[in-house]
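Remarks on the structure that follows.
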Amino acid sequence: MYPRAFSYVRAHSQEEAVAALAEHGPDAVPLAGGMSLVPQMKYRERNPAVVVDVGWLRELAGVTVEERRLRIGATTRHHEAAAWRGPRELAIVAELAAGIGDPQVRTMGTVGGSIAAVEPAGDWGPAVLALRGAVRVASARGERTIAADELFLGPRRTSLAADELIVEIEAPLPSSPFATAQVRFQARAAAGFMSCASCVALDDAGGIAEVGIACGGLEEIPVRLDEAEAAVRGAGTPGSAGRAAADRIPSGPRDGNGFRRTVAARLVHDAVERALERALAIKEAAG
Ligand SMILES: Cc1cc2nc3c(=O)[nH]c(=O)nc-3n(C[C@H](O)[C@H](O)[C@H](O)COP(=O)(O)OP(=O)(O)OC[C@H]3O[C@@H](n4cnc5c(N)ncnc54)[C@H](O)[C@@H]3O)c2cc1C
């Protein structure tokens, strides 16, 4: 099918983009990589009157660490994130991005578009939750920051206003030795895609000081698993931390026969163990 007729506005700057979104109100939507929006328009599930193309705004692209914050520009393509060679504490960025879709999806899809799309099994949402991250959003009215915990409201639904544009994803880095990991499960026929992201920070004795764990595909939106996090704090040693987390996976409404919960338990176990092993290696290397 073809989309309904729409106007196309190519933004050449963040200011142009937010001005166009303000001018056209709820009739306008941002377009980034088009990997979700274009098929939805073709199937006429979404029929915006105006499409504001922000995908080519290079000023909003790039991955950096500044002042102990991870910053990922909204228009960073997945393949750019996959090629990022940052500190090994943040291995999750390239690990996650390299596993997304296929070369075409990674070439066009963006991190901001992926977060805004709120697809149940999207990979970036769980990572931002596990890292206790946030998105910086801009509109003609100014800028604000939305914590990841407040961002995902439902499938394809965020707490952004219609005229707001995600400009950056950011996350504070723990002050003690830490590491991150992502593991995924792909079996389209059985359950679609699921993933788990984790971040583990150590205390001076090598125990677990802080942990973030979040899953995609378990529920209709990415979810942070606070009970699993609580179980891991203090569990301490490799083996027991992953098992403690895996025992605290909630059963979601999508999970009639418990299959997703079983898969999530495995993913959570492996993600926590991988992050913990990496964190211990980083601490040992630092002396
Ligand atoms: C075949 C296939 C396989 C895929 N596999 C995976 C996978 O394994 N893992 C995964 O995580 N994802 C996967 N995806 C999704 C992909 O990651 C896309 O990045 C994602 O669908 C949307 O990103 P986009 O940049 O293409 O956004 P678009 O499709 O352009 O936009 C998506 C939504 O976000 C809004 N939007 C876009 N940018 C912004 C912004 N800066 N601020 C506010 N709103 C914005 C749009 O208005 C729209 O509502 C797959 C997609 C396809 C088609």
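Annotations for the structure displayed:
- Checking Glu143 against (1) of a type outside the set (Gly, Ala, Ser); (2) touching a residue at least 60 places away in the same chain (Cβ under 8 Å); (3) out of contact with any Cys (no Cβ under 8 Å at 6 or more places or on another chain), the condition it does not meet: (2)
- Scanning region 1-37 for residues that are over 22 Å from Val167 (Cβ atoms) and not aromatic (Phe, Trp, Tyr) gives Met1, Pro3, Arg4, Ala5, Ser7.
- Unmet requirement for Gly212, which otherwise passes all of (1) closer than 21 Å to Val118 by Cβ; (2) of a type outside the set (D, E, K, R); (3) assigned to a loop (DSSP other than H, G, I, E, B): (3)
- Looking across region 58-90 at every residue that is out of contact with any Asp or Glu (no Cβ under 8 Å at 6 or more places or on another chain) and within 9 Å of the ligand (Cβ to nearest atom), the one that is farthest from Val105 (Cα to Cα) is identified as Thr75.
- Where a residue in region 268-287 is modelled with pLDDT of 95 or more and outside any helix (DSSP H, G or I) and its partner, wherever it lies, is surrounded by fewer than 22 Cβ atoms within 10 Å (Cβ to Cβ) and of a type in the set (Asp, Glu), with Cβ under 8 Å and at least six apart: none
- Total residues in region 110-122 satisfying the condition of being in a helix (DSSP H, G or I), within 7 Å of the ligand (Cβ to nearest atom) and in contact with a His (Cβ under 8 Å, 6 or more places away or on another chain): the figure is 1.
- Residue check for Arg88: in contact (Cβ under 8 Å) with a residue 40 or more places away in the chain, of a type outside the set (A, V, I, L, M) and within 26 Å of Ala140 (Cα to Cα): no
- Region 19-68, residues that are surrounded by fewer than 21 Cβ atoms within 10 Å (Cβ to Cβ), without any contact (Cβ under 8 Å) to a residue 40 or more places away in the chain, under 25 Å from the mean Cα position of the chain (by Cα) and assigned to a helix (DSSP H, G or I): Val38, Pro39, Gln40, Arg58
- Flag if Leu218 is touching an Asp or Glu at 6+ places or on another chain (Cβ under 8 Å), surrounded by fewer than 20 Cβ atoms within 10 Å (Cβ to Cβ) and hydrophobic (A, V, I, L, M, F, W, C): no
- Some residue of region 33-44 being over 18 Å from Ala117 (Cα atoms), aliphatic (A, V, I, L, M) and at pLDDT 95 or above: no
- Asp255 vs. criteria at pLDDT below 95, of a type in the set (D, E, K, R) and either over 20 Å from Arg184 (Cα atoms) or in contact with a Leu (Cβ under 9 Å, 6 or more places away or on another chain) (or both): yes
- The residue that is nearest to the ligand (Cβ to nearest atom), counting only those in region 94-103 that are outside any loop (DSSP other than H, G, I, E, B) and free of Cβ contacts under 8 Å to residues at least 60 places away in the same chain, is Ala97.
- Enumeration of residues in region 123-150 that are within 11 Å of the chain's Cα centre (by Cα) and either within 11 Å of the ligand (Cβ to nearest atom) or polar (S, T, N, Q) (or both): Asp123, Trp124, Gly125, Pro126, Ala127, Val135
- Every listed requirement among (1) in a helix (DSSP H, G or I); (2) closer than 28 Å to Glu150 by Cβ; (3) modelled with pLDDT under 95 is met by Pro250 save one, (1).
- Test result for Thr107, within 13 Å of the ligand (Cβ to nearest atom), outside any strand (DSSP E or B), within 22 Å of Ala147 (Cα to Cα) and hydroxyl-bearing (Ser, Thr, Tyr): no
- For Ala74, the conditions (1) buried (at least 17 other Cβ atoms within 10 Å of the Cβ); (2) in contact with a His (Cβ under 9 Å, 6 or more places away or on another chain) all hold with the exception of (2).
The values are calculated or read from the model by the stated rules, or taken from the named source; none is laboratory data. From a predicted model like this one, the values you see are computed outputs, not experimental measurements. Positions of Cβ are backbone-derived with ideal geometry, glycine not excepted, and every protein chain shown enters the neighbour counts.
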